[in-house]
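The values are calculated or read from the model by the stated rules, or taken from the named source; none is laboratory data. Computed from a prediction, not measured in an experiment: that's the story for all the values here. Counting neighbours? That spans all protein chains shown, and the Cβs are built from the backbone with ideal geometry, glycine included. Surface accessibility is based on the protein's heavy atoms, side chains included, excluding ligands, DNA and RNA. Shrake-Rupley method; radii C 1.70, N 1.55, O 1.52, S 1.80 Å.
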Amino acid sequence: MKAILAIAGVEVRRFLRDRSNIFFAFIFPLLLILLLGTQFGSSSAETRVALAGGSGTALLTALTEQLEADGMQVESGTAQVVREQLGRGRADVGLIISNEAATAFNDERRTELEILTASQASAQAALQQVRGSLQAISMRHSQLAALEQGGLAAEAAKSALTHAREAVQAPRVDILDTDNTAKEFRGLGVFDLGAVQQLLLFIFLSSLTGSATLIQARRFGVISRTLAAPVSSRQTIAGQAVGRFGIASVQGAYILVGTALLFGVDWGNLWLTALVLVAFSAVAAAGAMIIGSLLDHDGAATGIGIGSGLVLAGLGGCMVPPEFFAEPLQSFSWLTPHRWAYDALAAIQRRDAAFTDILPSLGVLAVMAAFLLLCGAWLLRRSLQRAL
């Protein structure tokens, strides 16, 4: 086992020492997730408003009741938390209540609130909804003030206004979603969907392009020198397979941790997410074994790896969510490992899936990995025999 791990460690180090991989394997994925999340990030179907300050005041109570009555999601926190939620796309609009604003509201004077919006385009529409709720609160207080000036007591004015509101039926618009697509993405942060897609894309892409290191190891005599040591051909093949798996695992762990820390991506149950990544990384490693054994030129392997990796990623939903696919593309997508991994990660992230819920996806990925690994091991053995 030490020989296998030693060979695998050499392969991983050779991949990490390639300077071109510093950008394309570590920097570019996070930049792409940031760009896609900022421009096209999925927002909740409901407007999300974060409130800060004014704890226990009448102004906070009035704002919360009115915003919730208008169908918005309301959360409370400190001013710093509100700004973080806006920056990470977990809120559309933030309202900060100062002590002066709470006092002015109690004294029925002009009240000014600090309003912050998120960077995504949908935040402007959310801002209009919030303004409508604020105008409704302002109108209610103006009506109460007018009734009180007319001679009614405060309680009588509130009772009369409530009775008038119940007697008049306000117009409403009901929107029926027939395909449940909006419900599928409801509650996702701006970066959550893009992080899942780019995670699968770059794990597979880096693994396939990393097959060039296997070709270089054969061409430069690294494998020949390994076999000259007291190491069997089976140990050499197993070490190369584990090395490919190590490359995929390093890529996946880096993106997983990086997106969680930098963008606040919610991956759900981390143990189940890691299990899916292990199965998917095994498929990617096996695919790299096949390319690295069939070809004799590292440049050709890199080109084929990039081309096939992008095609499979596109079919598997890593560029456009597969929920938007029409037939027959919807059926074709299930032929790719990306779709099975995407489906499992979506279930964990959006629906708090348990192990039994993702077991079918894990089973399919395991079968794919086993079949491709056997093919890759056989092809590598043939290439070693030719070299010897």
Check your understanding: With every protein chain present, what accessible area does His297 have (1.4 Å probe, heavy atoms only), rounded to the nearest 10 Å²?
Key -> 110
Review point. Toward the positive end of the charge dipole of the range 206-298, about the Cα centre and with charges on Cβ (Lys, Arg +1; Asp, Glu -1), which of Ser211, His297, Ser224 goes farthest?
Key: Ser224
Point to revise | Amide H contacts of Glu114 (H built 1.01 Å from N, under 5 Å, at least 5 apart or other chain) | key: Ile96, Ser98
Check your understanding: Relative to the longest principal axis of the chain, what angle (0 to 90°, nearest 10) does the C-alpha long axis of helix 192-209 take?
Key -> 10
Check your understanding: Roughly what angle does helix 2-17 make with the longest principal axis of the chain, taking Cα atoms, 0 to 90 degrees, to the nearest 10?
Key -> 60
Revision key, fill the gap. Semi-axes (Å, rounded, descending) of the ellipsoid equivalent to the range 61-108 per its C-alpha gyration tensor are 21, 15, 6
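Quote the convex hull volume per residue of the chain, based on C-alpha atoms, as a whole number of Å³. Kindly include the intermediate steps, with their values, before the conclusion.
Values: hull volume 62.2 nm³, N = 388.
In the chain, the Cα convex hull volume per residue is 160 Å³.
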Check your understanding: Can you tell me the accessible area per residue over the chain, all protein chains present, probe 1.4 angstrom, in square angstrom?
Key -> 51
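Report in % the part of the accessible area of the chain that belongs to carbon and sulfur, leaving out ligands and nucleic acids; probe 1.4 Å. It would help to have the intermediate numbers written out before the result.
Values: 12220 of 19970 Å².
Result for the chain: 61 percent of the exposed heavy-atom area is carbon or sulfur.
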